[in-house]
Every structure is written in C-alpha cells, then in structure tokens.
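Trainee: Take a look at the following structure, please.
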Amino acid sequence: MSALSFLGAPWLWGLALVSIPVIIHLLFRRRFRRVEWAPMRYLKLAIERHRRRIRLEQLLLLLLRMAVIAMLFLALARPLMHAHGWGSWLGGSLRGSQLVILDDSLSMGYIVDGRSALDRAKTLASSLFESFGPKDRLSLVLASKPEQPLLREVVRVSSEEVRLLIDGIEPTGVFVSWLSTLQALDGLVSSGVYPLREVTLITDLRGVGWSDELADLASGWTGQNVNVRIMDVGSRDSFNVTLEDFKLVDRLTLVNTPTRIEAHVHNTTGQEIGETDAELIVDGKASTVRLPVLPPGDVTRVPLYVTLGEAGDHRLSLKLPDDAMDGDNQRWLIVHAKERMNVVLVDGEPSADPLGGEADFLALALSTGFGQGDGFHIGIATDTEWDTVLASDADLIALTNVT
Amino acid sequence: MSKSHRYSDPEVLAKIASLSLRARRVVEGTISGLHRSPFRGFNVEFADYREYSPGDDLRRLDWRALGRSDRYYIKQFEEESNLRATLMLDTSASMRYGNGPLNKFNYAATLVASLANLLIEQRDPAGLALFDKRHHTHLRPAATHAQLVRILAALEAARPDGETDLGEVLATLCDQLERRRLVVIVSDLLTDLESLFDGLSRFEHRGHETLIFQVLDPDELELPFQDFVQFKDIEGTEELFADPATFRRAYIQAMEVFLAEVRDTCGRLRIDHVLMRTDQDLGDALSQYLHLRGRRDSRAR
C-alpha cells in the first residue's frame with residue numbers, strides 16, 4: 001500500500017513533457033544570430049562577473065518550467081494521499097475507518113462520451129477501495145439508501161468482492177437529499193472505532209439536494225476530526241432535455257370527451273432545440289405528438305389532449321426523445337375516466353310545477369351534455385334529503401335556495 | 001544632393017546654420033561664432049577697428065580713438081577672429097556597427113562634415129584627421145571652400161576598418177600640432193581608456209581645447225537581442241556565444257560605468273563630452289549642444 005496513488009493515472013504519461021523546456025532550450029541554442037560586436041570588452045566583463053549567477057538563474061528557471069509542467073500533470077492525475085500510507089513511511093501503521101458514499105441519483109445517469117457519471121463513479125470507487133489499507137474498516141453506502149450500507153465496517157474484503165458489489169449498482173430515478181443522507185450516516189461516522197476517519201463522497205455535484213444545513217453537519221464532523229473528501233464525476237456541460245411535469249389539467253375526465261393534459265419540458269442545453277417528436281402512450285398504445293421549438297434554458301408548457309373511450313383507470317405516459325440522460329425523459333400518469341358526471345341539485349324550495357324551482361332551470365341547462373357523451377347525470381333532491389346526498393358519489397353538488 | 005556631399009545633410013546644416021546666425025549677432029561679424037576663442041588673453045594681435053554697435057563689450061572700446069575722432073570704435077584682434085579646429089574621426093572597424101539607417105561611422109562622418117561646414121562658413125580654419133590605430137589622413141586647417149571639398153572627399157573615401165588605439169593617436173598628433181586649437185574627437189571611445197585619458201591630458205597641458213562626441217549605437221547601450229547570439233569581436237577574432245537576456249542588466253551596468261568614467265575624466269580635464277546615439281536626430285543633438293555651449297560661453301564672458 002503506497003502513501004500516494006492516482007485516480008487519473010494515465011495523465012502521468014504527461015510527465016514525459018517535462019523534457020519540453022530542455023528541448024526548447026537546446027533548439028533555441030541551435031537558432032542564433034551572428035553579430036559583429038564592438039564593445040566586446042564590456043560584454044565579457046558582464047558575463048564574467050555574473051557567470052555563476054547567470055548559470056544558477058538559468059538552472060532555476062529551467063527547473064521551474066519543468067516543475068510547472070510536472071505539477072500540471074500531477075494535478076490532472078488527481079493524486080490521493082493516505083494518512084496511513086504516510087504513517088507507514090514514518091514507521092507506524094495507522095488504521096482508519098473509510099466510508100465511501102456513492103451518489104446513485106437520477107442525474108448520475110447523465111452520459112458523456114458513452115459513459116454515465118455513475119460508470120465513472122463506480123470506476124473511481126473501485127480504485128479507491130484498492131488504495132485503502134488492509135487494516136482499514138470499510139463502508140460503502142448508496143446515497144439513495146443510507147440506512148442499508150452495501151458494506152459496513154468490514155475488514156479484509158477482497159478487491160474482487162468489492163468490484164462485483166460496485167458493478168451491480170444501478171442508477172435510481174430518485175433525487176437525493178444530501179442532508180437526509182448524511183444525517184442518516186452520522187451515526188456510522190461517529191461510531192468509527194479508529195481515530196482516523198475519512199468520508200469520501202463520489203457525486204456529480206448537481207445542485208439539487210444540497211442545502212445550507214449541510215454546513216452544520218460538516219462542521220460537526222470537522223470537530224470530530226473526520227476528513228471529508230468530495231470527488232466530482234460530473235460533467236460541466238449539459239445536453240439534456242427534462243420532462244419536469246406531466247399532469248392532468250381538467251378536474252374531471254369523461255369518456256369520449258377530450259381531456260387536457262400538460263407537459264413541462266425543460267431544455268437545459270445552451271441551444272435551441274427544433275421541433276421533435278415525443279411518444280404519448282395511452283394504455284400501451286403509442287402515438288406520436290409534435291413538440292414545439294424549445295428555447296434554451298426555458299421550461300416549455302406543452303398542451304396535450306387525450307380522448308378515452310372507456311370508463312375506468314387509464315395509464316398515460318409521455319416519452320421524450322433519447323438524450324444524454326434517459327432517466328428524466330419519461331413520466332407516467334393514471335387518469336380515471338367516468339361515463340358521466342354525477343350532479344346532484346339540492347333545491348331548498350322545490351316546486352311541483354315543471355320549471356317551478358331554480359334547480360329545474362339548472363337541470364335543464366346541464367342536460368345538453370357535451371362531446372360524444374351524455375355529459376351529466378342529474379339528480380334533484382330537497383334539503384331534507386341532505387344525508388342521502390352526502391352519501392352519494394356525486395361529483396358536484398349544487399345548492400339552490402338552501403338556507 | 002550629389003554623392004560627394006552626402007555627409008552635408010541639409011537638414012542638419014540648416015539647424016546648425018540658424019544657431020550660427022544667432023551666435024554671430026552676439027559676438028559680431030565672423031569672430032569666433034558660437035565658440036569662445038581658446039586664445040583669448042594670450043598673444044592677441046591687433047587686427048582692425050570696427051564701429052561700435054550696441055551689445056559690444058565696453059572694455060574693448062578704443063578710448064583714444066574716441067578722444068581723437070569723437071567716434072566709437074571697437075578693437076578687433078587677429079587670433080580672436082580665427083578659431084583653428086582639427087576634426088578627428090575614428091575610422092576603426094568598431095565604427096562599422098549599426099542597426100539603424102545610419103551606422104556609427106556614417107553618423108559620425110555626417111557630424112564631422114556638418115562641423116566642417118559650420119566652421120568654414122564662419123571662416124574658421126578647419127582641418128581633418130582620420131585615425132584608427134594611427135592617424136592616416138591629416139588635412140591642415142584652412143578656411144577655404146576648397147578645404148571643405150577636400151574634407152568631404154576624405155570622408156567619402158574613408159572606410160571603417162582596423163583596430164583602434166585612440167590614446168596613441170592623440171599622443172602622436174599632440175606632438176604635431178604647433179598652435180593651440182580646438183580639437184574635436186568623434187569616436188565611440190571603445191579603446192583602452194588609460195591610454196586615451198593620457199592622450200587627453202597631453203592635449204589639455206598643451207592648451208588645446210578638446211571636445212569629444214562619443215557616438216554609440218542604441219544596441220551597444222541596451223543589448224536588446226532576444227535570441228541567442230554569437231558575438232564576434234568586430235576588431236579581432238574572438239567569438240562569444242551567449243543568451244543576452246541573462247546578462248543584459250549586468251551589461252548595461254558595465255556600459256554605464258564606462259560612460260561615467262569617461263564623463264568624469266572629461267569633466268576633470270575640462271573637456272566637453274557629448275554622448276550621441278545613432279537613433280537621435282543629429283541636427284537636434286548638435287544644435288542643442290552648440291546652443292548650450294554658446295550660453296555657457298556668454299556667461300563666461
């Protein structure tokens with residue numbers, strides 16, 4: 001176990017470029033101009049007096065240039081220093097409690113260059129576990145299930161076991177509340193038996209789920225000498241279209257009557273997206289709907305109309321075209337359709353004559369119906385029948401002349 | 001401008017000529033011009049009378065003539081009216097260096113031609129000495145137009161070559177100059193300084209007035225090269241490979257020490273030392289110096 005390991009080890013090949021300043025120096029020495037010079041005496045004087053200083057300066061400058069390149073590539077290689085590793089260098093053998101929290105939220109499904117953020121997080125987590133010491137106590141927790149750690153304070157777990165465990169992790173469709181997650185893990189962190197405790201959070205650092213209260217929790221951990229590291233596996237750019245909402249607008253859905261539904265489509269890319277087709281699925285039958293032009297950064301409300309032929313529950317779904325993150329492209333909706341709307345008109349002053357009471361006129365107006373259905377099923381009751389009315393499955397109760 | 005007179009830069013001469021005219025109004029006629037006569041107070045010979053005009057020194061008023069004729073006359077002296085000058089131009093290889101439109105030699109030769117033109121126009125005898133390790137061309141002073149043509153022809157024919165030993169040249173020349181005169185040295189002074197200062201001391205002891213125009217290229221003062229440079233001694237065979245950026249500051253300091261040493265020694269020997277950069281306008285630099293010299297001489301009188 002070494003004191004230093006690298007998460008982006010391939011970048012270390014870039015260290016070969018430290019030779020560039022030397023090569024440039026040698027090339028420049030080959031490129032020179034010839035000058036016939038008159039004040040040679042003062043030239044020699046200047047060089048001889050400062051020869052040692054000049055050489056030292058040149059050497060330091062060369063080393064500085066080489067160091068800048070080396071530092072750049074070392075930084076890109078993301079070195080990982082382990083306190084126990086340094087401790088072993090110093091002759092001791094420190095044990096530590098290592099907790100790795102892996103973000104498996106919806107946004108981790110975001111794909112860049114063929115790999116999702118979760119894939120990168122899994123690779124990183126595997127490397128991390130390989131770098132831990134043999135006497136460390138290891139814990140692995142998914143952010144969506146902090147109460148059910150995949151590993152809890154285990155010792156001597158093989159790399160193969162860890163790799164299989166990590167490979168089996170799939171992205172979830174949930175948003176993570178980091179406050180809840182870390183609060184749930186507070187007990188696990190505080191109960192660490194070794195003085196050296198490290199928490200490593202592997203996430204794409206999406207803004208959702210981070211709250212100010214986390215600062216208090218982090219301060220508490222700092223007070224307990226817990227080292228917290230956050231490893232960012234996210235992407236700076238976003239090429240994603242999100243279906244943020246898919247909801248019923250009309251309060252009541254009747255069979256054979258168009259029902260209004262609304263979809264909220266968020267274009268998080270920095271560019272306008274032209275008209276595209278989405279898939280509207282009603283009870284398993286897909287049809288194509290045309291989405292309007294989506295301005296960059298805006299949420300566009302898309303109105304949709306669905307006509308259901310039978311009464312009962314119907315499963316509706318809208319699916320946007322595939323993009324970098326498929327997890328937020330589809331939403332579902334259960335719609336209950338009725339044959340007609342049950343309306344009970346309660347008349348406080350009923351009349352025996354046709355159209356003698358106010359409720360009679362209302363019943364007449366509602367009897368016209370709409371769409372292809374009858375529309376309303378109307379019943380008239382008196383205020384003395386109130387209990388019966390309340391017990392009925394009326395969708396609408398209208399009170400007329402009731403005191 | 002004809003080829004044979006390419007050093008008579010009209011712009012330069014125009015600026016000096018205007019200064020010259022101003023100086024004549026102060027001193028009068030063709031006497032001395034801008035320059036204070038180096039022979040003033042020594043063996044002056046009476047030459048002529050001329051009528052008094054406002055501004056003349058009353059000490060030179062001839063009171064006897066006033067008594068006899070009731071008219072005001074000023075006495076003129078032979079030596080005072082003629083300034084004998086020898087213009088010395090460095091023709092060593094180091095004067096060949098130049099990065100701008102004029103190399104040091106062309107700049108210096110233009111300066112010498114301008115001074116010769118000015119002096120002869122003022123009827124002051126001007127001579128020329130061209131030198132490198134020794135002085136190889138020597139024209140005795142004369143104030144004729146033919147002399148000006150000879151000086152210009154000699155400048156045209158001169159080619160910068162060979163090593164410099166200005167001190168040795170001054171020592172030799174000093175022995176050959178019988179009468180006191182103004183000696184104008186135009187050189188980069190990139191020579192052995194000890195020997196140079198010895199030579200200048202000899203000139204000072206002999207009563208010559210010496211004036212040095214030190215001509216240097218801006219490159220020689222600032223060492224502005226950015227690339228690596230193979231420096232080759234322009235007067236020798238030595239070569240030096242270096243990155244000028246690494247010792248530019250030290251070089252500039254060394255040149256400043258060199259210039260300060262020359263300036264201090266010249267000050268001690270009462271020699272005017274004028275540093276001229278080849279990127280400077282020659283006319284401006286020369287007229288500025290002559291103007292300062294004229295004011296200083298006026299104060300001295």
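The values are calculated or read from the model by the stated rules, or taken from the named source; none is laboratory data. It should be emphasised that the depicted structure is a prediction, and the values quoted were computed from it without experimental measurement. Cβ atoms come from the backbone with ideal geometry, glycine included; neighbour counts cover every protein chain shown. Accessible surface areas use protein heavy atoms only, side chains included; no ligands, DNA or RNA. Shrake-Rupley method; radii C 1.70, N 1.55, O 1.52, S 1.80 Å.
Trainee: Being in contact with a helix residue (DSSP H, G or I) (Cβ under 8 Å, 6 or more places away or on another chain), part of a strand (DSSP E or B) and either within 14 Å of chain B (Cβ to nearest Cβ) or among the small types (Gly, Ala, Ser) (or both) is the filter here; which residues of region A:1-40 pass it?
Mentor: Answer for region A:1-40, where residues must be in contact with a helix residue (DSSP H, G or I) (Cβ under 8 Å, 6 or more places away or on another chain), part of a strand (DSSP E or B) and either within 14 Å of chain B (Cβ to nearest Cβ) or among the small types (Gly, Ala, Ser) (or both): A:Ser5, A:Glu36, A:Trp37.
Trainee: Moving to a separate point now. Cβ-Cβ under 7 Å, sequence separation 6+ or interchain: first residue in region A:44-62 and in the same structural domain as A:Val22 (by TED's automatic domain parsing), partner among the hydroxyl-bearing types (Ser, Thr, Tyr) and open to solvent by less than 90 Å² (accessible area, probe 1.4 Å). Which pairs?
Mentor: The qualifying pairs are A:Ala46/B:Tyr251; A:Ile54/B:Thr246; A:Glu57/B:Thr246; A:Gln58/B:Thr246.
Trainee: Okay, next question. So A:Tyr194 clears everything in (1) free of Cβ contacts under 8 Å to residues at least 60 places away in the same chain; (2) surrounded by fewer than 17 Cβ atoms within 10 Å (Cβ to Cβ) except one condition, right? Which one?
Mentor: (1)
Trainee: Any residue at all in region A:75-84 that's modelled with pLDDT of 85 or more, in a helix (DSSP H, G or I) and either over 17 Å from A:Arg229 (Cβ atoms) or assigned by TED's automatic domain parsing to the domain that holds A:Gly173 (or both)?
Mentor: yes
Trainee: Right, next: Can you name every residue in region A:41-60 that is farther than 13 Å from B:Ala250 by Cβ, of a type outside the set (Lys, Arg) and more than 7 Å from chain B (Cβ to nearest Cβ)?
Mentor: Those that are farther than 13 Å from B:Ala250 by Cβ, of a type outside the set (Lys, Arg) and more than 7 Å from chain B (Cβ to nearest Cβ): A:Leu56, A:Leu59, A:Leu60.
Let's see how each residue does on (1) open to solvent by 80 Å² or more (accessible area, probe 1.4 Å); (2) out of contact with any Asp or Glu (no Cβ under 6 Å at 6 or more places or on another chain); (3) closer than 24 Å to A:Asn256 by Cβ:
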site: A:Pro292; (1), (2), (3): no, yes, no
site: A:Gly309; (1), (2), (3): no, yes, yes
site: A:Leu320; (1), (2), (3): no, yes, no
site: A:Lys338; (1), (2), (3): no, yes, yes
site: A:Val346; (1), (2), (3): no, no, no
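Trainee: Follow-up question, since we're still on this one. Can you go through B:Glu194, B:Glu220, B:Glu204, B:Glu235 and tell me which one is within 24 Å of B:Leu111 (Cβ to Cβ) and at pLDDT 90 or above?
Mentor: B:Glu220
Trainee: Still on this structure, I have one more. Out of region A:251-267, which residues are assigned to a loop (DSSP other than H, G, I, E, B) and either outside the structural domain of A:Val302 (by TED's automatic domain parsing) or crowded, with 18+ Cβ neighbours inside 10 Å (or both)?
Mentor: Once the filter is applied, which keeps residues that are assigned to a loop (DSSP other than H, G, I, E, B) and either outside the structural domain of A:Val302 (by TED's automatic domain parsing) or crowded, with 18+ Cβ neighbours inside 10 Å (or both), region A:251-267 yields A:Val255, A:Thr257.
Trainee: Now a separate question. With A:Leu280, A:Leu201 as the choices, which residue is out of contact with any helix residue (DSSP H, G or I) (no Cβ under 8 Å at 6 or more places or on another chain) and without any contact (Cβ under 8 Å) to a residue 60 or more places away in the chain?
Mentor: The unique qualifying residue is A:Leu280.
Trainee: Could I ask something else about it? Which strands (runs of 3 or more DSSP E) does region B:183-280 wholly contain that include 1 or more residues that are facing chain A (nearest Cβ under 10 Å) and surrounded by fewer than 16 Cβ atoms within 10 Å (Cβ to Cβ)?
Mentor: So the answer is B:228-233, B:239-242.
Trainee: Here are some conditions: (1) touching an Asp or Glu at 6+ places or on another chain (Cβ under 9 Å); (2) farther than 20 Å from A:Leu7 by Cβ; (3) at pLDDT below 85. A:Leu205 meets all but one. Which one does it not meet?
Mentor: Result: A:Leu205 fails condition (2) only.
Trainee: Do the conditions hold for A:Glu310, that is, is it assigned by TED's automatic domain parsing to the domain that holds A:Ile273 and over 35 Å from the mean Cα position of the chain (by Cα)?
Mentor: yes
Trainee: In region A:298-403, which strands (runs of 3 or more DSSP E) lie fully inside it and hold 1 or more residues that are of a type in the set (Lys, Arg)?
Mentor: Those strands (runs of 3 or more DSSP E) span A:299-307, A:312-319, A:330-338.
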